[in-house]
Every structure is written in structure tokens, then in C-alpha cells.
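The values are calculated or read from the model by the stated rules, or taken from the named source; none is laboratory data. This is a predicted model, so every value here is computed, not measured. Cβ: placed from backbone, ideal geometry, glycine included. Neighbour counts: every protein chain shown.
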Amino acid sequence: MSLHSLRSALVAFSLALASLTAADFSAQFEQLKARATPAQLYAFLYALPKGGDLHNHAGGANLAESTFAICTDPARNGGDTFYTRVHFTGQPDAVAATVRFRTVRRHVYAALSPAVRAEYVALADLTPDERAEWCNAFRLDAAGEGRFEFFQNIWPRQSGIGRNLHVRTEQLVANIKAFAAEGLAYLETQFDVDDSADNSGQPIPRETAVAFVRRRLAQPDVVATGLVVRFQYTVLRFSPRADTELAAAYAFVDAHRDLWVGVNLAGIEENGFGYPARFLVPFRQLRARYPGIALSIHAGEMDGPDRHIRDTLLLGATRIGHGVNLIQDPDTLLLLQQSQRVLVEINLISNRLLEYTPDLAKHPFPEYLRTGVPVCLNTDDRGMWDSNLTDEYYTAVTTFHLSWSEIVQLGRNSLTHAFAQPEVRARLLADYDRAVAAFETTYGAATVEATLARLAAVKPVTYGYAQRTWGLSFEP
């Protein structure tokens, strides 16, 4: 036998062995699902290699408790002080929700009138009850909260926090560490350094801010996580200046292609200026000038039928954020089923809490998954949901009875459609395949009883969503 023939035979044998192992593990996974307690299944999914999180708003990803800790720690907030509005001279029911717990930096607080300053308290001086209320004000965690609370109240409350570059970057680092702990390999988050200001309120030059972020990501505690991080530059679609901002976004990404890998349009589509066809000419003009800038655009996050996803494809997007109402546009659905080149970024918990699909059993995700549309699971605004990526997987597995091959495919899809550089993407995919094979060996080489017992060693980190929704909480 020639050397070439021998190598071919070894490759064929290895592939056959891997296929057999995967088939064996698929059967074991079905038994595990049937016999595991909710806590055991959650631990299994927490330990699972998860590929990438592609639909992630950096500003909405920050857990309230983590943000509080950063904002009250001078070593992490750049020596700033934050104040929040908690006392009011008027009747409580006359106070606008956007005003309550509005949080500002020291230089903003100093410029307020004495009467208004009296309504503010330094974050570090909040009572335990006030601190709990402050944290609750930055997430959807109560009955009756939904789309209006999210878009109109929560985002404005935190607007003053993100201008502190130290805080914004430390929030990113906290998320990197949390994601890495639950098996994520790649984070592609919507993150920018615009509007950063120093402690006196003076704007920080953009390139100075970029250099600051680069230095922080290169520090040992971040590097040790092993998580690969890339950014998208996001433009609010309903901004009156969106066309101009889109041109600036392309120029910025083009100048920082090693770290920023794509452009995104975000924001409420039903806004009068939010419809995608508005941007057809600007995108075509920008594409004529800048080669190879990838687009992931929010589309189909709507209640009723429309052609927004079709129009978003015309803009050149190769990833669709949400795509909830794609199911109501059969022509475009058929196109995506047949082409299989456009990924739909699925955000189950977001769609439930914002009431685009209040009953997740009716979510179109399994229809997309099982009819050939590439999909993956993502966290969207995990800090405001008080959740993590494991919650998304647990939701999908328990609601839609995912098979093992489907779970693995979700992770592969997230990396195959990542905007990272080709060589980085190839390495991530190879690493993912190895991680899945190792996971199958760890949890598939013994009986189901032994596997379930082994899961006791996994120590998941859960947040409020898992505790409120499934009663799942693990001792640290």
C-alpha cells in the first residue's frame, strides 16, 4: 500500500470512528435528557462548548450587580464617582420612570442645581434596599414590564454610565470572563468607544479610546480566558443622521479591521425612520468604496408581517438579527432555506421578555432550524434579562427537544458565520470540533448514571432569569 493510500485509509477510519462516537453520544444524550433533573441538565449545558455569541449588545449585556461593583470601585472606574436619583420633592407617582434611578457621573452631578443635587445619592452610599431597587431598575424582572420599559426607561437610565471609558471597558471584561466560564469560544459584540469622556467631561479622542481598549484586552486576566473577541460598529436606524453615521461607521471599521469586523443597524423597526429600504442607496454607495465589510442587521423583530427581512437582504446583510416574523414571509423564508448562506441570529429570551413571542412554544426557531435555515443562539441584552447563554440553550433544549446533532450544529453555525478573519474562523471551528469531541468523551464514556453523577462537579453560575423561570440556583 502506498503512503498516500495509507493516509487516506487512516483518515477514513478516523472519520468513521468519530461518526460512530457521535452516534453513540446522541443516543446517550437522549437518555440523559429523559433522566436528568433540571439542575443536572442545566449543569450539562453550562459545561457544553458553545461556539459564539453573535448577537450581543455590549451596552445591554452588563449585569446590574456587576455594573454597581465597577461604578463604586475607583480602581476600576478611573477614579470617578457616580450618583443616582432616588429622593424626590414631588409625589412618587408623579416622578417619571426615566428620572428614577437616573445615574450620572461626578462632573454632571456637580453642574446640577442644589435642589436637584439633593435628590441624588452617591451609589456607594445607597442603603441595601436602595441598592436592590437600583439593580432592579436596570433589568426586566417584574410582571408587566416589557417592550416599553426596555426601550423607553432602562436604556435612558444608564446613558450616563457608558461615557466613562474605564467603566465601559471593565463591563466588557466582566462579560468576557463570564462567557468564557460557560464555554463560549467567540464573542462578537456591538461595542464602540464613541462619546467617551474623561472625569471632567472632556471628550476622549477616538484613537486614544481605541488604544485604551486594546491595552485592556491584552492584559493577562483577559488573555487567560482564551475567549476570542471581535466588535461590530452599530448605527441606530431611526436616527435622523443615520446616513451620515453609517458612512462614519464604514470608515471606522475599515481603519480598525483587526478588531472591528462588521457593521450593524439596530433599533426599533416600526419607528418611522427605521425601515430598511431607506438605507439601500447609502449601503450601495459605501460598498462601492469599501471592500469586504460584513453586515449583520436587525430585521423581523416585529409583531406583524412585512418585507423587512427581504429588504434587509437587499442591503447586503449576511446575518439577520432576530428574524421572528420571517415565518410570515414565505417567499423570503424559502429563499433562505434554499440558499443557506444567511444566518438568522435567534434570541429566545429577548423575544419572550419583549413579547414578540410571549409563548416560546410558538417561536419559529425550530421551523428555521429543521428546514435548512442556518441559525444560532445568542443573548442579545443578557444584562437586562439577567441571564446567560446557557439559559438560551436550556430554553431551546427543554422547549424544542433539540437533538445532540442540532446542539452541535448551532455552535458550528455561530462560528461558520462569524465575521472574524478567515484564519481566525478556521481555527475557532477546528478548536470547537476538538472541544465537542473531548466533551463527548468526558460525558459519553460511562453509563448515564455515572454521567449524571459526574455533573455534580460542574458549578454553573446562574442569574435571576434562571432562578425566576425554572427555580434553578447553584451554590457558588
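Scanning the range 289-301 for residues that are of a type outside the set (Ser, Thr, Tyr) and either surrounded by fewer than 15 Cβ atoms within 10 Å (Cβ to Cβ) or over 21 Å from His55 (Cα atoms) (or both) returns Arg289, Pro291, Gly292. Looking only at the range 414-423, decide whether some residue is assigned to a helix (DSSP H, G or I) and closer than 21 Å to Tyr42 by Cβ. Taking every residue of the range 414-423 in turn, at least one turns out to be assigned to a helix (DSSP H, G or I) and closer than 21 Å to Tyr42 by Cβ. Restricting attention to the range 223-249, the residues being in contact with a strand residue (DSSP E or B) (Cβ under 8 Å, 6 or more places away or on another chain) and not in a loop (DSSP other than H, G, I, E, B) number 13.
Residues are listed down the side, and each one gets a yes or a no for (1) crowded, with 20+ Cβ neighbours inside 10 Å; (2) in the same structural domain as Leu335 (by TED's automatic domain parsing); (3) among the aliphatic types (A, V, I, L, M); (4) modelled with pLDDT under 95:
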site	(1), (2), (3), (4)
Arg216	no, yes, no, no
Asp221	no, yes, no, no
Phe238	no, yes, no, yes
Arg257	no, yes, no, no
Gly274	yes, yes, no, yes
Leu280	no, yes, yes, no
Phe283	yes, yes, no, no
Arg287	no, yes, no, no
Gly304	no, yes, no, yes
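Restricting the search to the range 441-474, which residues are within 30 Å of Leu353 (Cβ to Cβ) and in a loop (DSSP other than H, G, I, E, B)? Matches in the range 441-474: Val458, Lys459, Pro460, Val461, Thr462, Tyr463, Gly471, Leu472, Ser473, Phe474.
Yes or no, residue by residue, for (1) farther than 24 Å from Gly372 by Cβ; (2) hydroxyl-bearing (Ser, Thr, Tyr); (3) in a helix (DSSP H, G or I); (4) modelled with pLDDT of 95 or more:
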site: Arg412; (1), (2), (3), (4): no, no, yes, yes
site: Arg427; (1), (2), (3), (4): yes, no, yes, yes
site: Ala430; (1), (2), (3), (4): yes, no, yes, yes
site: Phe439; (1), (2), (3), (4): yes, no, yes, yes
site: Pro476; (1), (2), (3), (4): yes, no, no, no
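Residues in the range 97-140 that are part of a loop (DSSP other than H, G, I, E, B), over 32 Å from the mean Cα position of the chain (by Cα) and of a type outside the set (S, T, N, Q): 4 in all.
Residue by residue, here is whether (1) at pLDDT below 95; (2) hydroxyl-bearing (Ser, Thr, Tyr); (3) touching a His at 6+ places or on another chain (Cβ under 6 Å); (4) not assigned by TED's automatic domain parsing to the domain that holds Thr169 holds:
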| site | (1), (2), (3), (4) |
| --- | --- |
| Leu3 | yes, no, no, yes |
| Ala9 | yes, no, no, yes |
| Ala22 | yes, no, no, yes |
| Thr37 | no, yes, no, yes |
| Leu41 | no, no, no, yes |
| Asn56 | no, no, no, no |
| Thr72 | no, yes, no, yes |
| Arg76 | no, no, no, yes |
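Applying the criterion of being of a type outside the set (S, T, N, Q) and in contact (Cβ under 8 Å) with a residue 40 or more places away in the chain to the residues of the range 279-299, the residue that is farthest from Ala420 (Cα to Cα) is Phe279.
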